[in-house]
Amino acid sequence: MTSKIIVNNVGADAGIASVHFDSNIQRGTSNLHSTGLNVSDTFLHSTGLNVGTGATIHQPANNVMTLGTNSSERVRITGIGSVGIGTDDPQTTLDVNGIVTATSYRGDGSQLTGIDSSALSFSGATKIQANNSGVIVTGILTTTQYRPGEIIETIACMCDGRTVSVQSGDYTITDVTAAQDATTTYATCTGSEINYTPPAGTKHLVYNYEFQFNVDDNSGLSHFRTLIDGTLVLPSQRSFSANYPASNYHHAQMRFSAGYTFDLNAGSTDLAQGKLATGSWTSGKIIKVEFREYNASYDVSIHRNHYWNGTASSSSNQEPIKPTLYIQAIA
């Protein structure tokens, strides 16, 4: 390759104002290729190397290099290879003083610090969390991984009209304002009905309705059953009663519960057995408890006391004795 520029015997005070190239610069086979371009320490120490308008390369100390723009240092590489962006004293391999925007990250995230919890969700959707292997997952997640047996959410409240907010949504619970007498046909137990959608990842769903049971005649023999989406769950059927006495049957007052634990990890859906195929329950299904008395001679009521404080009950200690609704989603 024919030499195009040769500068000989440049003194200490000499300088080159400008150099014009009529063709592209081509590297040779030796100097740039093998060893790179060395610029004197004195030159880099004092003024830096201008590589464009407002852009510089500078060596502020031995084995240290900086990149700058607009008369300010932007990037620093230390002698041990640490890179600082926005800082002149990087403490780690990459030390950034500022906001980092990225489409993805790699690593287990175990050393992440200073995370603002308000930035971890958007419109109720989780954006960053650890999955069941302990790996940090980012982005808005549509499927959440949990440890087997982990409780995902719980609704536990009195049936008093309150609204409960959980991961799967907001649920307004029926306000039970009076006792309820059984008849010989099935009726929905007040406070038991809820239109529920379990959160993603639920494998088992505990549904429990707890109520005050009061015998009004004979043993109060009665029947309770749980339904889901209009289908009777056969294993949920329960009969309650007290001893059959000749008198004083009002003495039977107890706290009972009805409900079922649903299997949401079944191979196929069989609502009558309380089983739903994995991932199939993605919209609201009504769960409730119904009851009836054995016949008209076995009167029973719920949400009522007959006696209280050594005498017959009255007013607020008589009714309503509010029931409790309990739902728990388990991974």
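The values are calculated or read from the model by the stated rules, or taken from the named source; none is laboratory data. Computed from a predicted structure; not experimentally measured. No Cβ is skipped: glycine too gets one built from the backbone with ideal geometry, and neighbour counts run over all protein chains shown.
Would a scan of the range 306-326 turn up a residue that is assigned by TED's automatic domain parsing to the domain that holds VAL206 and closer than 21 Å to PRO199 by Cα? Walk me through it before giving the result.
We begin by selecting, within the range 306-326, every residue assigned by TED's automatic domain parsing to the domain that holds VAL206; these are 306-326.
Retained after the next criterion (residues that are closer than 21 Å to PRO199 by Cα): 325-326.
Yes, some residue in the range 306-326 is assigned by TED's automatic domain parsing to the domain that holds VAL206 and closer than 21 Å to PRO199 by Cα.
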Could you say whether any residue in the range 64-73 is touching a His at 6+ places or on another chain (Cβ under 8 Å), of a type in the set (Ser, Thr, Tyr) and modelled with pLDDT of 50 or more?
yes
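Kindly indicate the residue of the range 279-299 that is more than 27 Å from ALA329 (Cα to Cα) and out of contact with any Phe, Trp or Tyr (no Cβ under 7 Å at 6 or more places or on another chain) and also surrounded by the most Cβ atoms within 10 Å (Cβ to Cβ) among those meeting that condition. Quick ask: steps written out before the conclusion?
Step one: of the range 279-299, the residues more than 27 Å from ALA329 (Cα to Cα) are 292-299.
With out of contact with any Phe, Trp or Tyr (no Cβ under 7 Å at 6 or more places or on another chain) added as a condition, the list becomes 293-299.
Values: GLU293: 23, TYR294: 18, ASN295: 10, ALA296: 10, SER297: 10, TYR298: 20, ASP299: 20.
For the range 279-299, the residue satisfying everything is GLU293.
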Breaking point among (1) modelled with pLDDT under 95; (2) surrounded by 18 or more Cβ atoms within 10 Å (Cβ to Cβ); (3) not basic (Lys, Arg), for ILE321
(1)
Could you check, for the range 211-219, whether at least one of its residues is under 31 Å from the mean Cα position of the chain (by Cα) and closer than 19 Å to GLU193 by Cα?
no
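When the range 141-159 is examined, which residues are found to be of a type outside the set (A, V, I, L, M, F, W, C), buried (at least 16 other Cβ atoms within 10 Å of the Cβ) and modelled with pLDDT of 95 or more? Give the steps one after another, and end with the answer.
Residues of the range 141-159 that are of a type outside the set (A, V, I, L, M, F, W, C), as a first pass: 142-150, 153-154.
Adding the requirement that they be buried (at least 16 other Cβ atoms within 10 Å of the Cβ) leaves 144-146, 153.
Within the range 141-159, GLU153 is the sole residue that qualifies.
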Show the residue pairs that are 6+ apart or on different chains and have beta-carbon atoms under 8 Å apart, the first residue being within the range 211-238 and free of Cβ contacts under 8 Å to residues at least 24 places away in the same chain and in the same structural domain as THR185 (by TED's automatic domain parsing), the second being basic (Lys, Arg) and assigned to a strand (DSSP E or B).
GLN237/ARG225; ARG238/ARG225
How many of the residues making up the range 307-318 are in contact (Cβ under 8 Å) with a residue 12 or more places away in the chain and crowded, with 17+ Cβ neighbours inside 10 Å?
1
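How many residues does the range 297-331 contain that are among the β-branched types (Val, Ile, Thr) and more than 30 Å from GLY201 (Cβ to Cβ)? Let's see the steps before the verdict.
Taking the range 297-331 as the starting set, the residues that turn out to be among the β-branched types (Val, Ile, Thr) are 300, 302, 311, 321, 324, 327, 330.
Still in the running and more than 30 Å from GLY201 (Cβ to Cβ): 300, 302, 311, 321.
Count: 4.
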Restricting attention to the range 259-276, does a residue exist that is surrounded by fewer than 13 Cβ atoms within 10 Å (Cβ to Cβ) and not small (Gly, Ala, Ser)?
no
